[in-house]
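Shown next, in structure tokens, is the structure this report addresses.
Please treat every number below as a calculation from the coordinates, not as lab data. Computed from a prediction, not measured in an experiment: that's the story for all the values here. Note that each Cβ is placed from the backbone with ideal geometry, even for glycine, and that neighbours are counted across all protein chains shown.
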Amino acid sequence: MSDSTWVSTSMPYLSPQGKGQSDAWTEEAAARGGKGTQRIAHAGEVPAPDDVAGLLRITPGDFVVVRRRIIELDGRPCELTDTYYPVTIARDTPLAETGKIRGGAVTLLAGLGHVGVRVREDVTARMPDADERTVLQLGSSEPVLRLNRVTLDAGDHPIQADMMVMPAHRQQLRYEIRIG
């Protein structure tokens, strides 16, 4: 493993930030001596792709709100993230706009009364498509990791689905499981 490998855990991204804090990515990157930024490539309502519909338990093609982001570390793209929300939660909120959300989307969701209590993640590896390869600045033989996450509330209702793509050679995902 090289020094350029980023060891990532999901926990900071699942809890609302404290008052006055930046979003979780900005905070995590700063704690490690880097500058974490993100560009919102698109925000608004779109028909739900099949995989997103399955995670959000809706019919494929039903409208959802998506925030498409390019996540950067020290000015270099390191992740592509599309985050989807049911329209009943996100329509007419800052989630449907391209502006930065103070404290991040999880903090906004909590303020709207939608708090995640359970998360399910699936990780797969594959070759990137042409757009992913270009944006992530990958060579033709470099694979990506795809992490799909669904966040559920106390009533077991999906409130958010994340579809992340990241260069495999620059990532290590760490999971800690507490039993009992």
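Within the range 62-86, being within 17 Å of His157 (Cα to Cα) and buried (at least 18 other Cβ atoms within 10 Å of the Cβ) holds for Val64, Val65, Thr83, Tyr84, Tyr85, Pro86. Residue pairs whose Cβ atoms lie under 9 Å apart, separated by 6 or more positions or on different chains, with the first residue in the range 144-163 and at negative phi and the second part of a strand (DSSP E or B) and among the aromatic types (Phe, Trp, Tyr), are Ile159/Tyr85; Gln160/Tyr84; Gln160/Tyr85; Ala161/Tyr84; Ala161/Tyr85; Asp162/Tyr84; Met163/Tyr84.
With the requirement that a residue be closer than 19 Å to His114 by Cα, buried (at least 17 other Cβ atoms within 10 Å of the Cβ) and either polar (S, T, N, Q) or more than 16 Å from the chain's Cα centre (by Cα) (or both), what does the range 131-170 give you?
Step one: list which residues in the range 131-170 are closer than 19 Å to His114 by Cα, which gives 149-162.
From what's left, buried (at least 17 other Cβ atoms within 10 Å of the Cβ): 149-153, 158-162.
The answer is Thr151, Asp153, Gln160.
Checked against (1) of a type in the set (A, V, I, L, M); (2) in contact (Cβ under 8 Å) with a residue 60 or more places away in the chain; (3) within 17 Å of Ala161 (Cβ to Cβ), Leu112 meets all criteria but (2).
Matching residues to (1) among the β-branched types (Val, Ile, Thr); (2) under 16 Å from Gln38 (Cβ atoms); (3) touching a Leu at 6+ places or on another chain (Cβ under 9 Å):
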residue: Val106; (1), (2), (3): yes, yes, yes
residue: Leu109; (1), (2), (3): no, no, yes
residue: Glu121; (1), (2), (3): no, no, yes
residue: Leu145; (1), (2), (3): no, no, yes
residue: Gly155; (1), (2), (3): no, no, no
residue: Ala161; (1), (2), (3): no, no, yes
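Entry remark, the range 130-143: residues being among the small types (Gly, Ala, Ser) and either within 14 Å of Thr81 (Cβ to Cβ) or in contact (Cβ under 8 Å) with a residue 60 or more places away in the chain (or both) number 0 in total.
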